[in-house]
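Asks: Sharing a structure here in structure tokens format.
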Amino acid sequence: MRETNRAWAHLVAFFTVAIWGTTFVSTKVLLLHGLTPAWIFTLRFTMAYVLMLGLMPLVRRKHTATNRPTWSSMKRWRDELLMVALGVTGGSLYFLAENEALNHTTATNTSLIVCSCPLFAMFFIAAVYRDEKVTKMQMLGSFIALLGMATVVLNGHFVLHLSPLGDALAFVACLAWAFYSLLMKQALRHYDIFLITRKVFFYGLVTIVPYLLFSRQPLNIQAFDSSVVWGNLLYLGIVASMVCFLTWNWVMRRLGPVVATNWVYFNPITTILFAWWFLNETITVFFLLGAVLILTGMFLADKTKIAPTS
């Protein structure tokens, strides 16, 4: 039964990452219609947060701490700050850093740097939590998957164009998601997934406001005359944000953040498959080799049986 549940968790992780791999098309369409990356993030997170507020009466769960019947003021503030950190690392900081990186460096550099976050997450979590020990097999699996991801992204063209600012921003996004995985392990010990996800959206929105005010980026109202814009925003807000953040946090509870985060290596595969299906891009031998390496690495890493968060 445990193996069956674990298999289901991996399947949900696959579909979640597959959906995230398609969002580049929707984001590109919105950019072409005059929306900025910051406003795209704000609109999709606002939509997701409002929908989750509407769903609260229908969700039969207790939206409080599960293991803390009584709180002191200090614990209450400490836990709320944890939610703020999740909103920043998994929301505003991650999306801003990644999108701005694309404005200053190549998509190849950004993908290579951002998608290496499972490696950092593994070491961060192992350094903080004693129950997460990095074994030789897990380390080997992660490096094999990392090599496979690089093979897919580079696609036989082993030339990188260094851009200090853009690469630094991509690295910030990488570290942000790694810290999100680290912090999520603590949050999942005491909180309901629905509550955590709602808080991530709320604090992601709160922390993006200073950037919007400072940058003074206007919202292109005319873009909303297009049904294409509404369709892509609904997809990003409902499916890629609300649904996928819920499923991803559920996967991290079932598999543990280390094993779950390894699925980020799979992201370039789903992106290229989507481009092949809808944009008629070519599947190369490097893609197939990289896919085999990623799947092999993830299989080896999962064999370590890292204990999931209960």
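Asks: What do you reckon, is Y265 assigned to a helix (DSSP H, G or I) and modelled with pLDDT of 95 or more?
Replies: no
Asks: Inspect the range 61-76 for any residue being of a type outside the set (V, I, T) and modelled with pLDDT of 90 or more and give the result as yes or no.
Replies: No - not one qualifying residue is present in the range 61-76.
Asks: Now, a different point. From T89, T108, grab the single residue that is closer than 30 Å to L140 by Cα, surrounded by 13 or more Cβ atoms within 10 Å (Cβ to Cβ) and at pLDDT 85 or above.
Replies: T89
Asks: Checking Q138 against (1) under 21 Å from Y211 (Cα atoms); (2) open to solvent by less than 40 Å² (accessible area, probe 1.4 Å); (3) of a type in the set (S, T, N, Q); (4) modelled with pLDDT under 75, only one condition comes out false. Which one?
Replies: Just one mismatch for Q138, condition (1).
Asks: For the range 26-49, enumerate the residues that are aliphatic (A, V, I, L, M) and either buried (at least 22 other Cβ atoms within 10 Å of the Cβ) or touching a residue at least 24 places away in the same chain (Cβ under 8 Å) (or both).
Replies: V29, L30, L35, A38, I40, L43, M47, A48
Asks: Quick one: is F274 farther than 17 Å from F123 by Cα and at pLDDT 70 or above?
Replies: Here the answer is no, as F274 does not meet what is asked.
Asks: Among the aliphatic types (A, V, I, L, M), under 26 Å from Y129 (Cα atoms), part of a helix (DSSP H, G or I) and touching a residue at least 60 places away in the same chain (Cβ under 8 Å), is that true of V251?
Replies: When the stated conditions are applied, V251 passes them.
Asks: How do the pairs read when you match residues in the range 216-235 that are among the hydrophobic types (A, V, I, L, M, F, W, C) with residues anywhere that are in a helix (DSSP H, G or I) and open to solvent by 70 Å² or more (accessible area, probe 1.4 Å), using Cβ under 9 Å and keeping only pairs 6 or more apart or on different chains?
Replies: So the pair list comes out as F224/W230.
Asks: Considering (1) open to solvent by 10 Å² or more (accessible area, probe 1.4 Å); (2) at pLDDT below 90; (3) hydrophobic (A, V, I, L, M, F, W, C); (4) within 19 Å of the chain's Cα centre (by Cα), say which one L154 fails and leave the rest.
Replies: Status for L154: all satisfied but (4).
Results for (1) over 18 Å from T22 (Cβ atoms); (2) in contact with a Pro (Cβ under 8 Å, 6 or more places away or on another chain); (3) open to solvent by 10 Å² or more (accessible area, probe 1.4 Å), shown as yes or no for each residue.
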| position | (1), (2), (3) |
| --- | --- |
| A173 | yes, no, no |
| R189 | yes, no, yes |
| F201 | yes, no, no |
| G204 | yes, no, no |
| R216 | yes, no, yes |
| S227 | yes, no, yes |
| C244 | no, no, no |
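Asks: Restricting the search to the range 1-22, which residues are at pLDDT below 80 and either surrounded by 16 or more Cβ atoms within 10 Å (Cβ to Cβ) or not in a helix (DSSP H, G or I) (or both)?
Replies: Those that are at pLDDT below 80 and either surrounded by 16 or more Cβ atoms within 10 Å (Cβ to Cβ) or not in a helix (DSSP H, G or I) (or both): M1, G21, T22.
The values are calculated or read from the model by the stated rules, or taken from the named source; none is laboratory data. No experiment lies behind these values; they were computed from the predicted model shown. Here the Cβ is made from the backbone with ideal geometry for all residues, glycine too, and neighbour counts use every protein chain on show. Note: areas computed on protein heavy atoms with side chains; ligands, DNA, RNA excluded. Shrake-Rupley method; radii C 1.70, N 1.55, O 1.52, S 1.80 Å.
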